[in-house]
Amino acid sequence: MRMNGPRLSTNSRNSNVDRLNRDGPELVMSRWRFSHLLLAPHRLAFFMAAVMLATSALWWAALLLARALPWPLSPVVAAPLMHALLMSLGTMPLFFVGFLYTAGPKWLKLPAVSARSLLPALATVMTGWALAWIGLHWQLRMAAAGMSLVALGWTTLSLRFAHMVWCSRVSDKLHTSLASAACLVGAGVMWWVTLALVFDATPLLRTGIQMGIWWFLAPIFVVVSHRMVPFFSASIIESLDAWRPNWVLVIMLGTLLFEGLVSVVDLWWWPLPPALRWLQAGVEAPLALLMLGLALRWGFIQSLKIRLLAMLHGGFVWLGVALALNAVSHGLMATSGDTVSLGLAPLHAMTMGYLGCTMFAMVTRISTGHGGRKESADNLVWSLYWVLQAAVVLRVSAVMLEAVSQTLTLAAVAAWCVVMLGWALRYGGWFGTPRPDGRNG
């Protein structure tokens, strides 16, 4: 049967696409549907991660503001530990799911993964964090129960990705195998944190957080950086080549293993002898120079002309800066008997700087490229990125300038909230709406 009526020409469809991009969030959000999150793994996982990230930012800002007023709070787990746990294991793994289950099948030459098939495990993780969040404030058993759900959901996701790597017949599985191994380490860390909450063992909780940062989160970022930064650079700037020898990756991962080991030893054996502090500084200083040199080799200067590439390179530079700050801090500790250091400045340079900025750049690229939009950073994203850089600088400076530490910390948190809320609203709207080019995914 032939249906009579007006037909939509190609020009009309293109006009509607242009109008969708031009009219902004009002038109986009009017078409937002939960079902659209199930169109691709990155949509579902990134949306959940954005919710966690924005909520965590607001929660931490409220907690610091309450402490500054002062408005006494007495959570069952110390606020700094909650902050470290939620900002690390609470947000980054969800971004990993979106990236690994989007890029992973292509790297492994396997069929695409259905977002719907990931929903049960991701829902388990999100439910677990909701319970854990409440429990960390008021009831430790609830926190442990919630964390066990998080660990269960993440273990399921990690084992599934490991099975994908195992089943793949591609010749080069180095990066996917290493990422899978780090995910499995992350599963072990989450079960470790669960036991720490069950037994109310603060030293174990601190140890789990450090292992999570250095042996789970950072290794995945390093693996992705080693594979993608030179690839993106060479694909956009013709004068560069995709130079990424495996020995560089081995050194990068060895660096993280060393830093994690030192961080754990610090928790259980303090103060360390000066000789060991000098050993730390002696290892970290040349590694910092190597990472900064690698950033130059991968085209950091050339990338400044291209916003999205500059964002990715800017995150990697923070890895070298974090190692340099660690070297200075450990040198100070060696000469002062562990009484003088840079405190948490190196750790924030690592987490907010390297992990945060790299995440911001990578997720932006995936969200545009797989969302049917031009792979670029528009004025909004570019501005948010520089606010993020300012937040990192403020937070690192707050540790070194004690006289204005609280003011700088609050300013850093405010900047962080602006970035994460703005980012979450922008891309949260995209994830729940159809691609403007009309294609699937």
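Throughout, read-outs are computed from the coordinates displayed, never taken from laboratory work. Not measured: the values here are computed from a predicted model. When we count neighbours, we look across all protein chains shown, and the Cβ atoms used for this are built from the backbone with ideal geometry, even at glycine.
In degrees, nearest 10, range 0 to 90: what is the angle between the Cα axis of helix 92-108 and the longest Cα principal axis of the chain? In the chain, helix 92-108 runs at an angle near 60 degrees to the longest axis. Across the chain, Cα pairs under 8 Å and at least six residues apart give a relative contact order of 18 percent. Rounded to the nearest 10 degrees, the angle from helix 379-400 to the longest Cα principal axis of the chain is 10 degrees.
Taking the C-alpha atoms only, the angle from helix 10-23 to the longest principal axis of the chain is near 30 degrees. From its DSSP helices (H runs of at least four residues, each -39,500 (n - 2.57)), the chain gives a residue-normalised ellipticity at 222 nm of -25500 deg cm²/dmol. Applying 0.36 nm per residue to the separation of Ser114 and Ser171 and subtracting their alpha-carbon distance, the gain on full extension is 18.1 nm. Computed from label points 7 Å out along Cα-Cβ, the spacing between Trp382 and Trp268 is 5.0 nm. Can you list the residues of the stretch 107-147 with backbone N under 19 Å from a point 7 Å past the Cα of Arg439, pointing along Cα to Cβ? From the stretch 107-147, the list is 107-115. Under the classification rounded if a/c is under 1.5, otherwise prolate if a/b is larger than b/c and oblate if not, where does the stretch 37-431 fall, given a ≥ b ≥ c as square roots of the Cα gyration tensor eigenvalues? It is rounded, given that a/c, with a ≥ b ≥ c, falls under 1.5.
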